[in-house]
Amino acid sequence: MAFHWAAIPRFIPQLLAGAQLTLLITLVAMLIGIVIGVAMAAGRVSRFRLLRMLAGLYVEFVRNTPALLQIFILFFGMPSLGLRMSATTAGSIALGLNAGAYLAEIFRAGLAGVPPGSREAAVALAFNRLQTLVYITAPLAMRAAWPAFCNLFISILLASSLLSAISVYELTGITNDISTKTFLTFEVYSVAALFYVVLNVGVSLLLALAGRLLFPPQSR
Amino acid sequence: MIEVNGVSKSYGRLEVLKDISLQVEAGQVVAIVGPSGSGKSTFLRMLNGLESFSGGSIKIDGHDLSLPRELHQVRKEVGMVFQQFNLFPHLTVGRNVTIAQRLVLKESKAAAEERARRLLARVGLQEKWASYPSQLSGGQQQRVAIARALAMEPKVMLFDEATSALDPELVGEVLDVMRSLAADGMTMLVVTHEMGFARNVADRVLFMDAGRIAADGPPALILDKPKDERLIQFLRRIGNHERPDHAVQPV
Amino acid sequence: MNFSLVWEARWLILDSFVVTLYLSASAVVGGTVVGMIVALLRQFGLRPLNLLLRAYVELFRGTPLLMQLFFIYFGLPLVNVSVDRFWAAFIALTCFTSAYVAEVFRSGIEAIPRGQSEAATALGMGFFHRFFWIIAPQALRVSLPPLIGVYVSVIKDTSLATVVGYNELTRRAMELMLRFGHPLEFFITVALLYFAICYPISKLSERLERKLTPSAR
């Protein structure tokens, strides 16, 4: 069995375009996810039972059903409700809704990780509720939630591959396309796998760097 | 300065504080002692609104704690030092001491920093300005906490077992700061197990037991000539564990 | 919304539901077995072996499952290995899952205080005795909640087999939708079926976690 590696460089530009789309989808989904996540986390700890239940329902439903199905529901289901959108948009929104549910849990856990004494000290120092939230609770919660946040970011990056099932040409989609047209399956998938690993490592490093900048290490 | 009238508190059916009445003059240093569960910390925390109370009233410097706007004012005038220090872990020492000044008192950056540096120097930690709480020892953290509370220029300082969480050799440095505060005329309410402090620095000792003030008087009377049966038992138990190296110099 | 079509197709849906469960169970067993082996092998401490195993784990955790599935389904025939849809899905899911299982076990083993190993050695126990009687049982206890989390993911990930035409639940919903329309009704029904399986298992894992970590408050 011969490997025709020489044929691959021709496809690098396409693969790069795919990788770019992968990153874009990931970013959009994470942004949507953060907004939803904050809202749902607030809902989960709210005083109103109805809000707590609704937020809980959303989070549990999304976390216990397959992401691919969620993408299908949005992409195939929305037109019947009168909403038409491109596959990329629908897929990104679906991923964003998915990320939002996981981020809700991550943020909730982060909030729980804030030392209660810090909040008491702020109250004793006559901070009002907004001041306590902005200067004490939120920074400490984010610090606690950061590792889980980074993990989720990578998960969403990998999950973007699901959009290939609705014909979006991100990295996996492009790879499939090239593979079925040229039968260079092994070569093309290996290169694509490498791209994913590079994306993975690259994003992880960037996030770690951001983590160091936002949350300077403080140990002795 | 502080007027407490017929105040009670219950958690469900458990009555933690029963009909407490008390008056504290400006400049007085009051030590509050008693067994655990006697309600002393709960009572202290009521004085800046961290705990609610039922029945009766609490007035500090004329402000009635049951009115929300007054409560905010009270928190500015009453400083609190916690057993677990409760410094903000994500902020440097300097920022810990300036943040409330900036946000609550609306001080300018320069004024806040100047006051912060002065207070940190007073507690002996001026060189730790840029350090984080996790880099400091327990005693150092507590001294920063005291500086942070003092930065609000309070009229009253509350100490909730401020030295109970410290290793024995670090307790002295914190007690020294508290002693110097008392010498400068600060009104202080100190929940403590440090009998040396109570005897030598406090003007007045309250013995609390099962939610009531069981004894109230000058230290010489309360600690050396106790009359209450449970107070006698309490002192005997404490006495067996008294650490000799915390002989605090009288004010 | 009209669910009568869903009702009419109920046997088809249930059939695919069973298929999904079957694939899930197979992948769970396969993934756990392979994952355990990988975890055990890593404990030997042989550098080249560890590097190889680390590469395996990083590869399967760092690339999308979908791509792994495509690679196996379209790639193996090119080397004259014919794979039907089930086997392609099974192999891909097993390798993917095993990488996560191996990581969960690795964390579990590392969570055990070194003192346990030292005590066992001091008592004269050799590697295998130490591992099987002292380390592994404790690691299993700690690993159980995250492991169950991985298993829930497996159930959800079987949906990816759709793309190679394997007739599990998601594909059935797709098929029915393409034939009869009413996408929302079919997809939501199928989603509820996934939920009915995954939610109780997730809750079980949460309850286990609470029981296994009695934190002194």
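The values are calculated or read from the model by the stated rules, or taken from the named source; none is laboratory data. Note that the coordinates shown come from a computational prediction; the quantities given were computed from them, not determined experimentally. Methodologically, a virtual Cβ is constructed for each residue, glycine included, from the backbone with ideal geometry; neighbour enumeration extends over all protein chains shown. Calculation scope for accessible area: heavy atoms of the full protein, side chains included, ligands and nucleic acids excluded. Shrake-Rupley method; radii C 1.70, N 1.55, O 1.52, S 1.80 Å.
Taking a ≥ b ≥ c as the square roots of the eigenvalues of the Cα gyration tensor of chain C, is the shape rounded (a/c under 1.5), prolate (a/b larger than b/c) or oblate? Taking the square roots of the gyration eigenvalues as a ≥ b ≥ c, chain C is oblate. Summed over the residues of chain C and divided among them, the accessible surface reaches 52 Å² per residue at a probe radius of 1.4 Å.
Each Cα pair under 8 Å and six or more residues apart adds its sequence gap; the mean of these over the residue count of chain C is a relative contact order of 28 percent.
Across peptide C:190-203, the mean count of Cβ atoms from other chains lying within 10 Å of each residue's own Cβ comes to 3. Using just the C-alpha positions of region B:3-108 as equal point scatterers, what log10 of I(q)/I(0) does the Debye formula give at each q in 0.14, 0.20 1/Å? Listed by q, the Debye log ratios stand at -0.68, -1.16. Distance between the pseudo-spin-label points of residue B:137 and residue B:153 (7 Å out from Cα toward the beta carbon): 3.4 nm.
Within chain C, the whole DSSP H helices whose Cα atoms reach 24 Å or more along their own axis and whose mean Kyte-Doolittle score is at least -0.5 are C:10-43, C:85-110, C:136-157, C:183-212. For region C:159-193, backbone nitrogen atoms closer than 20 Å to the point 7 Å from residue A:84 Cα along Cα-to-C-beta are found at C:178, C:181-184. Helices in the protein assembly as shown, meaning DSSP H runs of at least 4 residues, each add -39500 (n - 2.57). Divided by all residues, the mean residue ellipticity at 222 nm is -20000 deg cm²/dmol. Remark: chain A carries a charge dipole of roughly 720 debye about the Cα centre, counting +1 on each Lys and Arg Cβ and -1 on each Asp and Glu Cβ. With a simple spin-label model that places each label point 7 Å from the Cα along the Cα-to-Cβ direction, the separation between residue A:38 and residue B:130 comes to 3.2 nm. Principal-axis analysis of the Cα atoms of chain A puts helix A:12-44 at an angle of about 20° to the longest axis.
Cα axis of helix A:49-63 to longest principal axis of chain A: angle in degrees, 0 to 90, nearest 10? Orientation of helix A:49-63: about 20 degrees from the principal axis. Using the alpha carbons alone, the radius of gyration of region C:84-127 stands to its Kirkwood radius in an Rg to Rh ratio of 1.33. The mean number of Cβ atoms from other chains found within 10 Å of a Cβ in peptide B:100-106 is 4, as a whole number. On a 0 to 90 degree scale, rounded to 10, what angle separates helix A:87-112 from the longest Cα axis of chain A? Roughly 30 degrees between the two axes. Shape analysis of chain B yields a ratio of the Cα radius of gyration to the Kirkwood radius, Rg/Rh, of 0.96. Normalised by 2.2 N^0.38 Å, where N is the number of residues, the C-alpha radius of gyration of region A:13-214 stands at 1.19. Ordering C:174, C:81, C:97 by the projection of their Cα atoms onto the charge dipole of region C:72-189, which places +1 on the Cβ of Lys and Arg and -1 on the Cβ of Asp and Glu, puts C:97 at the extreme positive end. Shape summary: the protein assembly as shown maps onto an equivalent ellipsoid whose semi-axes, from the alpha-carbon gyration tensor, are 62, 28, 25 Å in decreasing order. Amide hydrogen proximity for residue B:216: with H placed 1.01 Å from N in the peptide plane, the residues at 5 or more positions away or on another chain lying under 5 Å are B:207. Based on alpha-carbon atoms, the Kirkwood radius and the radius of gyration of region C:1-40 give Rg/Rh equal to 1.37. Peptide B:40-48 has a mean shielding of 1, counted as Cβ atoms of other protein chains within 10 Å of each residue's Cβ. Computed with a 1.4 Å probe over protein heavy atoms only, the accessible surface of region A:13-214 comes to 44 Å² per residue.
Chain B: longest stretch without exposed trypsin sites (Lys or Arg not before Pro) (DSSP loop, at most 12 other Cβ within 10 Å), sites themselves excluded? Counting at most 12 other Cβ atoms within 10 Å as exposed, the longest clean stretch of chain B is B:107-226. In summary, the lysines within cross-link reach of residue C:203, defined as a Cα separation below 22 angstrom excluding same-chain residues under 8 places away, comprise C:156, C:211.
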